[in-house]
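Q: Have a look at this one.
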Amino acid sequence: AQSVTQPDIHITVSEGASLELRCNYSYGATPYLFWYVQSPGQGLQLLLKYFSGDTLVQGIKGFEAEFKRSQSSFNLRKPSVHWSDAAEYFCAVGGTGTASKLTFGTGTRLQVTL
Amino acid sequence: DVKVTQSSRYLVKRTGEKVFLECVQDMDHENMFWYRQDPGLGLRLIYFSYDVKMKEKGDIPEGYSVSREKKERFSLILESASTNQTSMYLCASSFVGGGGKTQYFGPGTRLLVL
């Protein structure tokens, strides 16, 4: 069975500082990996996704993530955080044999201090 | 852009009432999903549908049913609402095909059962 772990429940960074949110997954083959962002009271918006090819993927809002098969990780990064990045971030994994279902992590809440 | 809409943003119901949550997508997606989101638990899949009149149970189907009579519409039904069904409900859709695991989310319905 596939699973996702986001070890950090809550992270606080200063505006302008760099950010890395951790995601570890469990899946037997090459996974489909996603990062979504959720602003308060809103639905989830896709930030970026990895299916195959280049292991460093670029997303919207200046975010990027790197797929590391050896570490079963797909960490999300941003070089300089803006106050508007404060939100909850979800990592998700899907596989070829799972009928388009995704499994989500429990989320990391990002707080940005000015 | 993909648009997924949910019939209500906020809903207050009483214990024992029958509750309908509706979701509509405008991109002719084959797959549709219902999740509930609770603090610390992330997103948990209730039901999904991969075609009209087809449905499969997710991880937490107890107390819920679904209906998909038209491709664009997927309804979640709480047959007899209970206080432990107070939650945020998110609908999503995706297409079948290359990269088809990307799910697009609606804004969510926050349900309070008194």
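Q: Any chance you could look up the accessible area of A:THR5 with a 1.4 Å probe, heavy atoms only, rounded to 10 Å²?
A: 80
Q: Could you give the dipole magnitude of the protein assembly as shown about its Cα centre, charging the beta-carbon of Lys and Arg +1 and that of Asp and Glu -1, in debye to the nearest 20? Working shown, then result.
A: Details: 25 positive and 22 negative charges, 61 e Å.
Charge dipole, the protein assembly as shown, about its Cα centre: 300 debye, nearest 20.
Q: Chains A and B: buried accessible surface, both sides, probe 1.4 Å, rounded to 100 Å²? Show your work: numbers first, answer last.
A: Working: alone 6100 and 6320 Å², together 10680 Å².
Buried area (both sides, nearest 100 Å²): 1700 Å².
Q: Still on this structure, I have one more. R0 = 22 Å: FRET efficiency of A:SER52 with B:VAL96, Cβ-based, nearest 0.05? Before the final figure, lay out the partial values.
A: Numbers: r = 18 Å, r/R0 = 0.80.
About 0.80, to the nearest 0.05.
Q: Normalised by the residues of the range A:33-114, what does the relative contact order come to in percent, with Cα pairs under 8 Å and at least six apart?
A: Working: 142 pairs, mean separation 22.0, N = 82.
Relative contact order here is 27 percent.
Q: With the other protein chains left in place, how much accessible area per residue, in square angstrom, belongs to chain A at a 1.4 angstrom probe? List each step's numbers first, then the result.
A: Working: 5260 Å² over 114 residues.
Result: 46 Å² per residue.
Q: Please calculate the 1.4 Å probe accessible area of A:ARG22, with all protein chains present, and give it to the nearest 10 Å².
A: Looks like 110 Å² after rounding.
Q: So what J values fall out for the range B:67-79 if you push phi through Karplus, 6.51 cos²θ - 1.76 cosθ + 1.60 with θ = phi - 60°, rounded to Hz, Gly and Pro as x?
A: Along the range B:67-79, the couplings run 9, 9, 8, 10, 4, 7, 10, 9, 10, 10, 10, 9, 4 Hz.
Q: I would also like to ask the following. Got a sec? What order do B:GLU79, B:GLU22 fall in by accessible area at 1.4 Å, biggest, i.e. largest, first?
A: Working: B:GLU79 95, B:GLU22 65 Å².
Reading off the accessible areas and sorting them downward yields B:GLU79, B:GLU22.
Q: Could you name the lysines in cross-link range of A:LYS49, using Cα to Cα under 25 Å and dropping any fewer than eight places away on the same chain?
A: Within the straight-line limit of under 25 Å, A:LYS49 reaches these lysines: A:LYS61, A:LYS68, A:LYS78, A:LYS101, B:LYS3, B:LYS101.
Q: Turning to a different aspect of this structure: Once a ≥ b ≥ c are taken as the square roots of the eigenvalues of the Cα gyration tensor of chain B, is the result rounded (a/c under 1.5), prolate (a/b larger than b/c) or oblate (a/b not larger than b/c)? Could the numbers behind the result be given before it?
A: Working: a/c = 1.76, a/b = 1.67, b/c = 1.06.
Taking the square roots of the gyration eigenvalues as a ≥ b ≥ c, chain B is prolate.
Q: Give the carbon-plus-sulfur fraction of the accessible surface of chain B in %, rounded to a whole number; probe 1.4 Å, heavy atoms of protein chains only. If you can, show how the numbers build up before the last one.
A: Numbers: 2770 of 5420 Å².
Carbon and sulfur together cover 51 percent of it.
Q: Please list the non-local residues whose amide H lies under 5 Å from the amide H of A:ALA17, H modeled 1.01 Å from N, same-chain partners needing a gap of 5 or more.
A: Amide H to amide H, under 5 Å and 5 or more residues apart or across chains, A:ALA17 pairs with A:VAL81.
Q: Then there's this: Do any trypsin sites (Lys or Arg not before Pro) in the range B:42-84 lie in a DSSP loop with no more than 10 other beta carbon atoms within 10 Å, and if so, which? Walk me through the numbers before you get to the answer.
A: Numbers: sites: B:ARG44, B:LYS53, B:LYS55, B:LYS57, B:ARG68, B:LYS70, B:LYS71, B:ARG73; in loops: B:LYS53, B:LYS71.
The qualifying sites are B:LYS53.
Q: Normalised by the number of residues in the range B:25-114, what is the relative contact order in percent for Cα pairs under 8 Å and 6+ residues apart? Don't skip to the answer; put the middle values down first.
A: Values: 188 pairs, mean separation 25.8, N = 90.
29 percent.
Q: Could you tell me the relative contact order of the range B:5-76? Use alpha-carbon pairs under 8 Å, at least six residues apart, and round to a whole percent.
A: 29
Q: Could you rank B:VAL24, A:VAL37 by how accessible they are, 1.4 Å probe, largest area first? List each step's numbers first, then the result.
A: Details: B:VAL24 40, A:VAL37 10 Å².
Ranked list, largest accessible area first: B:VAL24, A:VAL37.
Q: Among the aspartates and glutamates, which have Cα under 18 Å from the Cα of B:LYS55 when same-chain residues fewer than 8 positions away are ignored?
A: Counting by Cα, and skipping residues close in sequence, B:LYS55 has these aspartates and glutamates nearby: B:GLU22, B:ASP28, B:GLU30, B:GLU69, B:GLU72, B:GLU79.
The values are calculated or read from the model by the stated rules, or taken from the named source; none is laboratory data. Everything quoted here is computed from the prediction, not taken from an experiment. Quick reminder, even Gly has a Cβ in these numbers, built from the backbone with ideal geometry, and neighbours come from all protein chains shown. Accessible surface areas use protein heavy atoms only, side chains included; no ligands, DNA or RNA. Shrake-Rupley method; radii C 1.70, N 1.55, O 1.52, S 1.80 Å.
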